[in-house]
Amino acid sequence: MSCRVSSKLRGLRQTGRNVLNNGEHGTGAVVVGALAGALLGGAIGHFEYDKEKSREQTAKNYNYKESQGTVLTIENLKATPVTVRPGETVDLKLTYALLHDSPDTKIPVTEIREITYKGELVGRPEVKVEHTDGTYTTTVPLRLPPEAQKGTYKVKAMVESQYAKDAREITFTVH
């Protein structure tokens, strides 16, 4: 897996490197993004991924035929825990399926998690990865600042390749 990161916002930047374990799990990839407004002073942790299903399992789940081209579909998005206190960490976990008409080809995928509070963009962690076909679960930990504003935060997750894209939204609450 290759990992490149970028940020559309200025602010917090962390550096690291990608570590692979038998090609099925990755940690240490850096997520770059900025936190502002209600989340200023928080931190974005290191990206992790797990390959949950092989190409064959994923293709079977979607009744995939190579004539369909690229399929990039978010299967699940969740914040864990869904209710947190200022200073705690919420994991933004995303599961998506990737299928392409050329098996074993690494496809560049951009994962973006836009975080808004009362309609204002307060964070936009982004990571660029290259994956072969399969189903992946990725996690971006978000450590809230001790002064995080209480209320409901919306997370819009997007996965994009040059061939396809998908998006889904969830919320988490700071008490």
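The values are calculated or read from the model by the stated rules, or taken from the named source; none is laboratory data. Being a predicted model, the structure only gives us computed values, none of them experimental. Methodologically, a virtual Cβ is constructed for each residue, glycine included, from the backbone with ideal geometry; neighbour enumeration extends over all protein chains shown.
For the subset of region 52-87 comprising residues that are in contact with a strand residue (DSSP E or B) (Cβ under 8 Å, 6 or more places away or on another chain) and among the acidic types (Asp, Glu), which member is nearest to Pro145 (Cα to Cα)?
Among residues in region 52-87 that are in contact with a strand residue (DSSP E or B) (Cβ under 8 Å, 6 or more places away or on another chain) and among the acidic types (Asp, Glu), the one nearest to Pro145 (Cα to Cα) is Glu75.
Can you pull out the residues in region 63-78 that are surrounded by 15 or more Cβ atoms within 10 Å (Cβ to Cβ) and not in a strand (DSSP E or B)?
Passing the criteria: Tyr64, Thr70.
For a quick check of your reading of the model, give me the residue pairs whose first member lies in region 48-68 and is without any contact (Cβ under 8 Å) to a residue 24 or more places away in the chain, whose second is surrounded by 18 or more Cβ atoms within 10 Å (Cβ to Cβ) and assigned to a helix (DSSP H, G or I), with beta-carbon atoms closer than 9 Å and at least 6 apart or on different chains.
Lys65/Ala59
To keep it simple, each residue is scored yes or no on (1) among the aromatic types (Phe, Trp, Tyr); (2) out of contact with any Gly (no Cβ under 8 Å at 6 or more places or on another chain).
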position: Gly123; (1), (2): no, no
position: Thr139; (1), (2): no, yes
position: Arg143; (1), (2): no, no
position: Pro146; (1), (2): no, no
position: Val155; (1), (2): no, yes
position: Met158; (1), (2): no, yes
position: Tyr163; (1), (2): yes, no
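Sort out which residues of region 79-120 are out of contact with any helix residue (DSSP H, G or I) (no Cβ under 6 Å at 6 or more places or on another chain), assigned to a strand (DSSP E or B), in contact (Cβ under 8 Å) with a residue 40 or more places away in the chain and surrounded by fewer than 17 Cβ atoms within 10 Å (Cβ to Cβ), and write them in order of number.
If the condition is that a residue be out of contact with any helix residue (DSSP H, G or I) (no Cβ under 6 Å at 6 or more places or on another chain), assigned to a strand (DSSP E or B), in contact (Cβ under 8 Å) with a residue 40 or more places away in the chain and surrounded by fewer than 17 Cβ atoms within 10 Å (Cβ to Cβ), then Thr83, Thr89, Asp91, Pro108 are the ones that fit.
Yes or no: region 124-134 includes at least one residue that is closer than 28 Å to Ser54 by Cα, outside any loop (DSSP other than H, G, I, E, B) and at pLDDT 95 or above.
Among the residues of region 124-134, at least one is closer than 28 Å to Ser54 by Cα, outside any loop (DSSP other than H, G, I, E, B) and at pLDDT 95 or above, which makes the answer yes.
Examine region 137-157 for a residue that is acidic (Asp, Glu), out of contact with any Asp or Glu (no Cβ under 8 Å at 6 or more places or on another chain) and either in a strand (DSSP E or B) or closer than 20 Å to Tyr49 by Cβ (or both), and state whether such a residue exists.
Among the residues of region 137-157, not one is acidic (Asp, Glu), out of contact with any Asp or Glu (no Cβ under 8 Å at 6 or more places or on another chain) and either in a strand (DSSP E or B) or closer than 20 Å to Tyr49 by Cβ (or both), which makes the answer no.
Here's a check for you: in region 101-123, which residue that is under 10 Å from the mean Cα position of the chain (by Cα) and not acidic (Asp, Glu) is nearest to Glu169 (Cα to Cα)?
So the residue we want is Arg113.
Which of the residues that make up region 121-131 are over 17 Å from Thr89 (Cβ atoms) and surrounded by 19 or more Cβ atoms within 10 Å (Cβ to Cβ)?
Correct list: Arg124, Glu126, Val127, Val129, His131.
Give me the residue from region 164-174 that is assigned to a strand (DSSP E or B) and of a type outside the set (S, T, N, Q) and, out of that set, farthest from Ala97 (Cα to Cα).
Val174
Within region 137-163, take every residue that is within 13 Å of Tyr96 (Cα to Cα) and crowded, with 23+ Cβ neighbours inside 10 Å and give me the one that is modelled with the lowest pLDDT.
This residue is Thr138.
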